[in-house]
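Here's the structure, in structure tokens; my notes come after.
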Amino acid sequence: MREWITRICGLALMLLSFTVVSQATAAEASRPDVRAVIDISGSMKKNDPNNLRRPALKLLVDLLPTGSKAGVWTFGAYVNMLVPHQAVDDAWREHARAQASKINSVALYTDIENALERASYDIDKPEPGFDRHIILLSDGMVDTSESRNSAIKRRENQASRDQILRKMLPKLKEAGYTIHTIALSDNADKDLLNTLAQRTGGLFAVAHNADDLMSLFMQALQRSVPVEEVPLQDNRFLIDDSINEFTALVFHKPDSQQTFLKDPNGRRYSEESRPGNVNWHSTRTYDLITAKEPASGEWQIETEVHPDNRVTVISDLKLNLADVPATLYRGYPVPLDAWFTEDGSLIKRDDFLSLLDVKATMTDENDQVLQQSAMTLEGQNPGHFTTRFDGPKQLGDQSIVVNVDGKTFQRSISRPVSVQDVVSAHLQLSAEGPEAKLILRAQHPKLDPANLQFQVQVGQDKGLTPEYRGDREWVLDLSEHDRRAPQAINVRVRGVLMDAPLDLTLPALTLPVYLRPGEEAQPPVPVEEDAPAFVPEPEVTALPEEPAVAEPVEESQPEAEAEAEAEAPKEESNLFGPIKDWDDPRLLWVYIAAGIVNILLLVVLFMLYRRFKKRRQQKAMEASPGYDEDEPLDLDDDDFDMDMELDLDDDKKT
């Protein structure tokens, strides 16, 4: 009996081991499915004047591994599939590079909703073996309405935005899409883009200018297609016997000298002179060099050092890193776990592991070291190196890098991350009017909105209460706020998170100057340092079901226009001020006055003409025989048709 129990337990362990190995193998075999969605609205002429979206997309195309899937969509008022969503091979890359040159900035609107819908056309058809990612680049806010009425326009755009966050986003998350977002402008809807990324496990980044696009596309790709690297120091890197292939990405200035690659034997290669096992793709701004079965030893890249240069490798000996969330939260610790596999199996040999020097580093966007820690073997989990970073203190784009020195080999793996507060605050401004909103959102998934309290101060105004709109979002409308001077916005949050008290001051924002007709700019008003008492939030109620997004309202529908005009806030009246908007109600009186003047002018002209004709007829009758001056003139409509005949008679008499 005991022997049977032993056999059964052994069989169970074998099956369990097979299941774990199968799951790990399946996870490693999963291939990326990357869909780039690129804004081509007219505002890109200002934010990307040199059209750097083109080379950034070409770099993305070049870095996608063969066997993955990818597609490219551009959007404005409409959505266009620029590059078909297909398997990536050399022919697809060639076509994608050519199509990237067609990216422009001519669209009139920014229909993010339609763009996401088109890029996720197969949301109901999951494809096993692929991880689906969307990389969304935009410089603006949702702008779909064609109405000239400002109230209708705001309402329709808000409906589209709510549709994205409350209907589309949950479906995309459930279907397994990871959305990485890049905001290319301070006018971009950062709250929308950040929420899309944060809730799907993607990376959110802000491009301070178009020059950052290449780097940010690379970061998004690093989250989509994790790769193993070897450390690169002063353009030198070490290749060992276990490496089957390496790919060097080398950035350079357009006018820089030619790039060379030197192997461990001192031989120099270039794009024109290279061995058969080296593939070399060169552009104005970077070189992509792939070497198969490379020689072991130290290699060197002969060109200028660039912080984004990297060397990725394909090896039987692989460094792995447990999932690091793309969004980290300020003040909350970050655990790290790394291990090695050989041919897919976990390495537990002490003779190998004891030789490894494993370090983890956290750097900011300027490569400045923020934290560094040695990773040590975990006793309870053989073969795993672990450490724990203190909660990040600095917000913004950062990177976590794990470097391994194995004496005869080196490995590196990195993960770009975005460090945020558990509650975000974004300012949403209209480009054409005084409309301004402060949007607060509970970002940490374990935050209960019912437990949060906000203290908001704008300039000298204290105790302002944002309105809860559901979906973990609060809004404070600042459209009627005095904006003759820049106003500081300070937000403090209190609540409970993971059974611990939360007391957080968010980074200050600035409400910029906006002058209404007749107003003059004022100097900034200093903010008093004494903080007002907290204003408790009203009780959170369930969000009512959102109505379906209506089709754009045609201007020929008077009932909709009248309703919108009734809802539109009344601006300060100024009868004699300049008219700057087609929606100005004074335009109606202008049209009425112009019509009255035209009618009066026609009446005056008619009277003058009638008087003139009467005199002409009187003169003609006086000249005729039998004229009686006491007989009244009988003028009717037929008399006015005699004009040409009278003129001819006069000519004959003269």
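The values are calculated or read from the model by the stated rules, or taken from the named source; none is laboratory data. Bear in mind that the values here come from a model prediction, so they are computed numbers and not experimental data. Cβ: placed from backbone, ideal geometry, glycine included. Neighbour counts: every protein chain shown.
Restricting attention to the range 43-86, and to residues there that are of a type in the set (S, T, N, Q) and more than 23 Å from Thr247 (Cβ to Cβ), which single residue is surrounded by the most Cβ atoms within 10 Å (Cβ to Cβ)?
Only one residue tops the list, namely Thr74.
Let's see how each residue does on (1) modelled with pLDDT of 90 or more; (2) on the phi > 0 side of the Ramachandran plot; (3) surrounded by fewer than 21 Cβ atoms within 10 Å (Cβ to Cβ):
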position	(1), (2), (3)
Asp211	no, no, yes
Leu216	yes, no, no
Gln233	yes, no, yes
Asp240	yes, no, yes
Val250	yes, no, no
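Would you point out the residue of the range 440-456, among those that are under 13 Å from Arg494 (Cβ atoms) and polar (S, T, N, Q), that is surrounded by the most Cβ atoms within 10 Å (Cβ to Cβ)?
The selected residue is Gln455.
Before we move on, is Ala175 free of Cβ contacts under 8 Å to residues at least 60 places away in the same chain, crowded, with 22+ Cβ neighbours inside 10 Å and hydrophobic (A, V, I, L, M, F, W, C)?
Judged against the criteria, Ala175 is not a match.
Could you count how many residues in the range 92-133 are farther than 24 Å from Leu192 by Cβ, polar (S, T, N, Q) and either in contact with a strand residue (DSSP E or B) (Cβ under 8 Å, 6 or more places away or on another chain) or buried (at least 17 other Cβ atoms within 10 Å of the Cβ) (or both)?
1
Quick check on the range 30-42: of everything there that is closer than 16 Å to Arg223 by Cα and surrounded by fewer than 19 Cβ atoms within 10 Å (Cβ to Cβ), which residue is modelled with the lowest pLDDT?
Ser30
For the subset of the range 279-304 comprising residues that are modelled with pLDDT under 95 and assigned to a loop (DSSP other than H, G, I, E, B), which member is surrounded by the most Cβ atoms within 10 Å (Cβ to Cβ)?
Looking at residues that are modelled with pLDDT under 95 and assigned to a loop (DSSP other than H, G, I, E, B), I get Thr303.
What pairs come up if the first residue lies in the range 226-244 and is aromatic (Phe, Trp, Tyr), the second is part of a loop (DSSP other than H, G, I, E, B) and modelled with pLDDT of 95 or more, and their beta carbons are under 6 Å apart, counting only those six or more places apart or on different chains?
So the pair list comes out as Phe237/Val230.
Output the residue which, of all residues in the range 209-241 that are assigned to a loop (DSSP other than H, G, I, E, B) and among the β-branched types (Val, Ile, Thr), is farthest from the chain's Cα centre (by Cα). Spell out how you get there, then give the answer.
Residues of the range 209-241 that are assigned to a loop (DSSP other than H, G, I, E, B), as a first pass: 209, 225-227, 230-232, 234-235, 240-241.
When the remaining residues are screened for being among the β-branched types (Val, Ile, Thr), the result is 225, 227, 230.
Numbers: Val225: 20, Val227: 24, Val230: 31 Å.
Per the criteria, the residue is Val230.
Residue-by-condition table, conditions (1) closer than 15 Å to Asn235 by Cβ; (2) under 37 Å from the mean Cα position of the chain (by Cα); (3) not small (Gly, Ala, Ser):
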position	(1), (2), (3)
Asn265	no, no, yes
Glu272	no, no, yes
Leu288	no, yes, yes
Ile301	yes, yes, yes
Ser315	no, yes, no
Val324	no, yes, yes
Pro333	no, yes, yes
Phe340	no, yes, yes
Asp343	no, no, yes
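So, restricting to strands (runs of 3 or more DSSP E) that lie completely within the range 362-419, which ones have at least 3 residues that are crowded, with 17+ Cβ neighbours inside 10 Å and in the same structural domain as Arg310 (by TED's automatic domain parsing)?
Of the strands (runs of 3 or more DSSP E) lying wholly inside the range 362-419, those with at least 3 residues that are crowded, with 17+ Cβ neighbours inside 10 Å and in the same structural domain as Arg310 (by TED's automatic domain parsing) span 384-389, 396-405.
Criterion first (assigned by TED's automatic domain parsing to the domain that holds Pro126, in contact with a Lys or Arg (Cβ under 8 Å, 6 or more places away or on another chain) and within 30 Å of Asn50 (Cα to Cα)) does Gly176 satisfy it? So that I can check it myself, show each step before the final result.
Values: assigned by TED's automatic domain parsing to the domain that holds Pro126: yes; in contact with a Lys or Arg (Cβ under 8 Å, 6 or more places away or on another chain): yes; within 30 Å of Asn50 (Cα to Cα): no.
Against the criterion (assigned by TED's automatic domain parsing to the domain that holds Pro126, in contact with a Lys or Arg (Cβ under 8 Å, 6 or more places away or on another chain) and within 30 Å of Asn50 (Cα to Cα)), Gly176 does not qualify.
How many residues does the range 379-400 contain that are farther than 21 Å from His208 by Cα and touching a residue at least 60 places away in the same chain (Cβ under 8 Å)?
4
Hey, can you tell me all the residues within the range 170-208 that are among the hydroxyl-bearing types (Ser, Thr, Tyr) and either on the phi > 0 side of the Ramachandran plot or not in a strand (DSSP E or B) (or both)?
The answer is Tyr177, Ser185, Thr195, Thr200.
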